[in-house]
Each structure stands twice: as structure tokens, then as C-alpha cells.
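Student: The structure follows.
The values are calculated or read from the model by the stated rules, or taken from the named source; none is laboratory data. What you are looking at is a predicted structure, and each value in this text was computed from that prediction instead of being measured. Using ideal geometry, Cβ is built from the backbone for each residue, glycine included, and neighbour counts are taken over all protein chains shown.
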Amino acid sequence: MKTLFTHEQLTITIQRLAHQLVEQIEAFEDVVIIGIQPRGIHLSDRVVKAIQAIVPCQKIQYGQLDTTFYRDDVHQNNSIHIPSATSIDYNLEGKQIILIDDVLHTGRTIRAAMDALIDFGRPKHVSLMVLIDRRFSRELPIQPDFVGQSVDTMYSQKVKVQWDEHNQDHKVLLLD
Amino acid sequence: MSLSVKHLLGIKDLAKEDIQTIFSTADNFKQVLQRPIKKVPSLRDTTVANIFFENSTRTRISFELAEKRLSADSVNFSAAGSSVSKGETLIDTVNNILSMKVDMVVMRHSASGAPHFLSQHIDASIINAGDGTNEHPTQALLDAFSMREKLGDLKGKKIAIIGDILHSRVALSNIYCLQKLGAEVLVAGPPTLIPKHIEALGVAYTYDVKKALAWCEVANVLRIQLERQNKPLFSSLREYALYYGINKDMLDSIQRDILIMHPGPINRGVELSSDAADSKQSIILNQVENGVAIRMAAIYLLSGKAIIE
């Protein structure tokens, strides 16, 4: 087990991601930020909070999306995936969507997330923000638009973001 | 994670955790059913056969809709008009359907234990949609799910099951399910329709419907099943309605609001008067709505096991 990023590094990265979004988006009116359940929402919660601190007068539309029912491996593992809650109270028709997840690996979760999104309406544009991009491990033509950190890993390794609920000790671990 | 069982034959075989997994999955499906596109692509690779040897409206439509909402393919079979009338056996009938590459069977049968028997002879997962006077697990799950939606955790809640307990598979499944969730159960009805030794199941009983109503927070009223009564068990429907039927006046005489449930079909004016069935306290149509989400959860959770094993 190896620590790839420490709490201090991650805090700066999250701030940077929030600033990048604010830099690119003038008005958040037609933007919906969507965290991917279950692990992506730890990041999206914090990014949304950071954006709110940068642009306090703008109203941020924020939802959570579960992709379980859209996965392409429903019947490939030994057990079936138990879903988490989806909460999207906005019509996504014509909106600009920022999808947020913690680790981008094969790209299959994002594929499922895009399918799930379309069932809520036809967005104008979808972009992807991830905290950790595991380069060279993609199985689908999917690339992130906003990247916290890029790492090079072997397929057999696991990258795990450990979130501390008291915001004192987040870290990114590489597990063999 | 998945259920501890391969088939859903009865609530008796389920662990409390299984019931809770089904509920939390059904919460998600209920949310899906409120979207503009009420459908997910999860089970595109699954085919389900709905095999009904007995009549049904709600259960059958509910299962069929649940399958469609999961993107599974479904085929329907009813005994009337099939080769069953030519003398084909249950196993032959089902094996013939399964050889057309069906992954899961939803079955209703008038003989208690028919799905259990079938489960020993076929590989596909079976969901019991009611077997004789034994169990009707998805009905009990949707009943408990509907109660949970209104009352929260069912631990310590007081639930009365009123009516024809003797012939009711809904009653038995409800008793198992509610007890596993920690609720207190009381059954009420005429002495001839309450099975002997029912207290062995850990439930209390009374012959006084008013007492039961005064005690409970939820009254699950069951249908008088005339089709299963081959000897007279009470003098007339009119007498039953007078002594054991529930009407709005009785509900109003209790100081607090209790929930009224009924698995359907209702014999209006017999076990439940129209003004009680259509009152604000009645959550009968919520039950039907929740039925689709519960059945989606059951099919989804069992589909994994069926294909792997």
C-alpha cells in the first residue's frame, strides 16, 4: 500500500478544480453538477461547497446519480450490485452537465452515467471532472475534461480515495 | 451483495437483511418509476415467464410491468386455454417453457407448495406469486413496504390482519414478514376463519374486529375467499358484513387515524364498506403502486443468482 496523495495535496487540488470550473463557466444558471454515486459524491459535495464559497451569489444546481441499473456487468460478477439513491430534481433538457466522479479507470461507469443522464432529458453538453485519472487503463473512448491528478498504474492495482468525514485526513492510496 | 436465497418461494425462508435489501432496492426503483422515462436497461439479457394457473389481475399486471420496466423480455402463460387441459404435468409444462431459453419463472398455483416442488426440478429462479393457502411473498413485501413508507421502521408497530385468515396466503406471508421486521401482529375474524393453533406463530388473535381496530395502527383487511371454502363457514355474507365487516363509522369511532390496507380484490360491502375503502385512511392504491417497485427489486436481485449458479 502506498499513499499517492496526502490530505494537503488533495485540499489544494479540490480548490483548483472548483476554480477551474468557475473560470470556464460565467453563469451557473444552465449548469447542473452531478456527482456519481456512491463514491463520486464525496468529491462533488466538496467541489460544490468550494464553488459556492468562490461565487456566493450564484445558485448552484446539484444532484446525485446512481448508475447501477445502467451498468454493462449486471450479470458478470458473482453478486448483483445494490443501488444507491439518485436525486436529480432538475429537468436536464438543454442543460450543461458537469459529471463528477472520484477515480476514472476503464470509463465504463461514465458510459453508464451518460446513459442514465439521457433518461432525464437531453442535455446540451456533458463534461467530466475526476479527482484521479488512471491513464492508459481506458476500455472505452472516454476522457476527462477536468483532472485533479493523473496517475500511471497497473491494471491489477487499485486506487482508492479515502475520505475523512471530519475533513482532516483525506488521502489517495495505491493498493496492490 | 445479494439475497441469501436463489428463489423467492416464501417470506419464511428470508432473513431480515434480505427483506431490507429488497426494500432499499425498491426505494430506488420507485424513484425510477417517477421519472419521465420509467425504464432501466438492467435486465436486457433476461427472459421471464409468468406462469399463472390461477386467476389474477393486480399481481400479474404488476409483475409484467416490473419486467418491462427492467427491460426484461416476458412471456405470459395462463392455464386456461393451454395444454394443461390436455393433461400435461406441471414439470413438463414448465420445462417446455424453459427450453425456449427462459431465465426466470413467476408462478401462481392453486396447490400449496407447487413452486417449492418445482424448485427441486428446475434450474431457473422461481418467484412465488401465490401458492394455494400457503404464501404470497411479494404481496407481504409490498404491504410491509407501504406500511414502512407511512410509519417508518416497523419495529414495535401494531398491525392487525382482519378477515379470512384460514384461506389466506397473504395472511401467512404478512405474519412472517411483519414479525421478521419486529412488528406486533394480531389476527381477527370469525372463529371458523382463524386457524387452530395460530398462536404457535407468535401472533395474538381475537374474534372481535372492533377490539382489533382499537388496538392497531394498521388494519390489513383480507378478502373472504369463497372459492376456497368448500363448506359453509359462516351463515351468510350479510351476516359476515354485519359482524366482521369494517365501515367508516367504526373507523371514525376510534379517536386516532389508523391505516386501512387491502390486497385486493375487494368484496365491497362485505369485509370492507365502500366509504372505508375509499376513505383518506385507505392506502390500498399506494399498495398497488408499490407492488411494481417491489417486484422490480425481487426480479432484479434474484436475476444475479439465477445466471451465475
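Student: Does B:Glu149 satisfy the criteria of being closer than 30 Å to B:Arg35 by Cα and out of contact with any Leu (no Cβ under 9 Å at 6 or more places or on another chain)?
Tutor: Details: closer than 30 Å to B:Arg35 by Cα: yes; out of contact with any Leu (no Cβ under 9 Å at 6 or more places or on another chain): yes.
Yes; evaluated as a whole, the condition is true for this residue.
Student: Give segment A:65-102 a look and list any residue that's among the polar types (S, T, N, Q) and away from every other protein chain (no Cβ under 11 Å), or say none.
Tutor: First pass over segment A:65-102, keeping only residues among the polar types (S, T, N, Q): A:67-68, A:76-79, A:84, A:86-87, A:91, A:96.
Once the filter is applied, which keeps residues that are among the polar types (S, T, N, Q) and away from every other protein chain (no Cβ under 11 Å), segment A:65-102 yields only A:Gln96.
Student: Same structure, new question: So for segment B:149-156 (the condition being of a type in the set (Gly, Ala, Ser) and either in the same structural domain as B:Ala204 (by TED's automatic domain parsing) or surrounded by fewer than 19 Cβ atoms within 10 Å (Cβ to Cβ) (or both)), does at least one residue qualify?
Tutor: Within segment B:149-156 (the criterion being of a type in the set (Gly, Ala, Ser) and either in the same structural domain as B:Ala204 (by TED's automatic domain parsing) or surrounded by fewer than 19 Cβ atoms within 10 Å (Cβ to Cβ) (or both)), the answer is yes, since at least one residue qualifies.
Student: In segment B:270-299, what residues are without any contact (Cβ under 8 Å) to a residue 40 or more places away in the chain, closer than 22 Å to B:Thr138 by Cβ and outside any helix (DSSP H, G or I)?
Tutor: B:Ser282 - this is the single residue of segment B:270-299 that is without any contact (Cβ under 8 Å) to a residue 40 or more places away in the chain, closer than 22 Å to B:Thr138 by Cβ and outside any helix (DSSP H, G or I).
Student: Residues that are over 16 Å from the mean Cα position of the chain (by Cα) and farther than 27 Å from A:His170 by Cβ: does segment A:97-116 have at least one? Spell out the reasoning first.
Tutor: So in segment A:97-116, the residues over 16 Å from the mean Cα position of the chain (by Cα) come out as none.
Scanning segment A:97-116 turns up no residue that is over 16 Å from the mean Cα position of the chain (by Cα) and farther than 27 Å from A:His170 by Cβ.
Student: Right, next: Suppose we keep only residues that are assigned to a strand (DSSP E or B) and in contact with a helix residue (DSSP H, G or I) (Cβ under 7 Å, 6 or more places away or on another chain) within segment A:119-150. Which one would you say is farthest from A:Gln15 (Cα to Cα)?
Tutor: Step one: of segment A:119-150, the residues assigned to a strand (DSSP E or B) are A:125-135, A:146-150.
Cutting the leftovers down to in contact with a helix residue (DSSP H, G or I) (Cβ under 7 Å, 6 or more places away or on another chain) gives us A:126, A:128-129, A:131, A:146, A:148-149.
Numbers: A:Val126: 21, A:Leu128: 17, A:Met129: 13, A:Leu131: 11, A:Phe146: 12, A:Gly148: 10, A:Gln149: 13 Å.
Filtering first and then ranking leaves A:Val126.
Student: For B:Glu239, indicate whether it is surrounded by fewer than 14 Cβ atoms within 10 Å (Cβ to Cβ), more than 14 Å from chain A (Cβ to nearest Cβ) and under 27 Å from B:Asn128 (Cβ atoms). Before the answer, list the steps.
Tutor: On the way: surrounded by fewer than 14 Cβ atoms within 10 Å (Cβ to Cβ): yes; more than 14 Å from chain A (Cβ to nearest Cβ): yes; under 27 Å from B:Asn128 (Cβ atoms): no.
No, not satisfied.
Student: Next question. Restrict the check to segment B:74-84 and report whether at least one residue is within 14 Å of another protein chain (Cβ to nearest Cβ) and buried (at least 18 other Cβ atoms within 10 Å of the Cβ). Before the answer, list the steps.
Tutor: Going residue by residue through segment B:74-84, those that are within 14 Å of another protein chain (Cβ to nearest Cβ) are none.
Among the residues of segment B:74-84, not one is within 14 Å of another protein chain (Cβ to nearest Cβ) and buried (at least 18 other Cβ atoms within 10 Å of the Cβ), which makes the answer no.
Student: Okay, next question. Looking only at segment A:93-138, filter to residues that are out of contact with any Gly (no Cβ under 6 Å at 6 or more places or on another chain) and of a type in the set (Asp, Glu); which one of those is farthest from A:Trp163 (Cα to Cα)?
Tutor: A:Asp119
Student: Go through (1) facing chain A (nearest Cβ under 9 Å); (2) within 17 Å of B:Phe145 (Cβ to Cβ); (3) in contact (Cβ under 8 Å) with a residue 12 or more places away in the chain for B:Arg44 and report which single condition fails.
Tutor: Here B:Arg44 clears every test but (2).
Student: Just one of B:Glu135, B:Glu67 is among the acidic types (Asp, Glu), touching a Lys or Arg at 6+ places or on another chain (Cβ under 7 Å) and on the phi < 0 side of the Ramachandran plot; which is it?
Tutor: Values: B:Glu67 fails: touching a Lys or Arg at 6+ places or on another chain (Cβ under 7 Å).
Being among the acidic types (Asp, Glu), touching a Lys or Arg at 6+ places or on another chain (Cβ under 7 Å) and on the phi < 0 side of the Ramachandran plot holds for just one of B:Glu135, B:Glu67, which is B:Glu135.
Student: Given (1) in contact with a helix residue (DSSP H, G or I) (Cβ under 9 Å, 6 or more places away or on another chain); (2) surrounded by fewer than 14 Cβ atoms within 10 Å (Cβ to Cβ); (3) acidic (Asp, Glu), where does A:Glu23 come up short, assuming only one miss?
Tutor: A:Glu23 satisfies all of (1) in contact with a helix residue (DSSP H, G or I) (Cβ under 9 Å, 6 or more places away or on another chain); (2) surrounded by fewer than 14 Cβ atoms within 10 Å (Cβ to Cβ); (3) acidic (Asp, Glu) except (1).
Student: Name the single residue, out of those in segment A:80-102 being β-branched (Val, Ile, Thr) and either in contact with a Pro (Cβ under 8 Å, 6 or more places away or on another chain) or modelled with pLDDT under 95 (or both), that is nearest to A:Gln37 (Cα to Cα).
Tutor: From segment A:80-102, those β-branched (Val, Ile, Thr) are A:80, A:82, A:86, A:88, A:97-98, A:100; that's our starting set.
Imposing the further condition that a residue be either in contact with a Pro (Cβ under 8 Å, 6 or more places away or on another chain) or modelled with pLDDT under 95 (or both) reduces the set to A:80, A:82, A:86, A:88, A:97.
On the way: A:Ile80: 16, A:Ile82: 11, A:Thr86: 8, A:Ile88: 12, A:Ile97: 16 Å.
This residue is A:Thr86.
Student: Let me ask you something else. Give all pairs with beta carbons closer than 6 Å in which a residue from segment A:1-27 that is in contact (Cβ under 8 Å) with a residue 60 or more places away in the chain meets a residue that is exposed (fewer than 13 other Cβ atoms within 10 Å of the Cβ); count only pairs at least 6 apart in sequence or on separate chains.
Tutor: A:Met1/A:Leu175; A:His7/A:Asp169
Student: Does B:Lys248 satisfy the condition of being charged (D, E, K, R), assigned by TED's automatic domain parsing to the domain that holds B:His167, in contact with an Asp or Glu (Cβ under 8 Å, 6 or more places away or on another chain) and without any contact (Cβ under 8 Å) to a residue 40 or more places away in the chain?
Tutor: Details: charged (D, E, K, R): yes; assigned by TED's automatic domain parsing to the domain that holds B:His167: yes; in contact with an Asp or Glu (Cβ under 8 Å, 6 or more places away or on another chain): yes; without any contact (Cβ under 8 Å) to a residue 40 or more places away in the chain: yes.
Spelling it out, B:Lys248 is indeed charged (D, E, K, R), assigned by TED's automatic domain parsing to the domain that holds B:His167, in contact with an Asp or Glu (Cβ under 8 Å, 6 or more places away or on another chain) and without any contact (Cβ under 8 Å) to a residue 40 or more places away in the chain.
Student: May I pose another question? Please specify each residue of segment A:103-118 satisfying the condition of being surrounded by 19 or more Cβ atoms within 10 Å (Cβ to Cβ), within 14 Å of chain B (Cβ to nearest Cβ) and out of contact with any helix residue (DSSP H, G or I) (no Cβ under 8 Å at 6 or more places or on another chain).
Tutor: So in segment A:103-118, the residues surrounded by 19 or more Cβ atoms within 10 Å (Cβ to Cβ) come out as A:103-105, A:109-110, A:112-113, A:116-117.
From what is left, the residues that are within 14 Å of chain B (Cβ to nearest Cβ) are A:112-113, A:116-117.
Passing the criteria: only A:Leu117.
Yes/no matrix, rows are residues, columns are (1) surrounded by 15 or more Cβ atoms within 10 Å (Cβ to Cβ); (2) at the interface with chain A (Cβ under 8 Å from one of its Cβ atoms); (3) closer than 20 Å to A:Asp73 by Cα:
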{"residue": "B:Ser4", "(1), (2), (3)": "no, no, no"}
{"residue": "B:Lys12", "(1), (2), (3)": "no, no, no"}
{"residue": "B:Gln20", "(1), (2), (3)": "no, no, no"}
{"residue": "B:Thr25", "(1), (2), (3)": "yes, yes, yes"}
{"residue": "B:Lys30", "(1), (2), (3)": "yes, no, no"}
{"residue": "B:Val40", "(1), (2), (3)": "yes, yes, yes"}
{"residue": "B:Phe53", "(1), (2), (3)": "yes, no, no"}
{"residue": "B:Phe63", "(1), (2), (3)": "yes, no, no"}
{"residue": "B:Ala66", "(1), (2), (3)": "yes, no, no"}
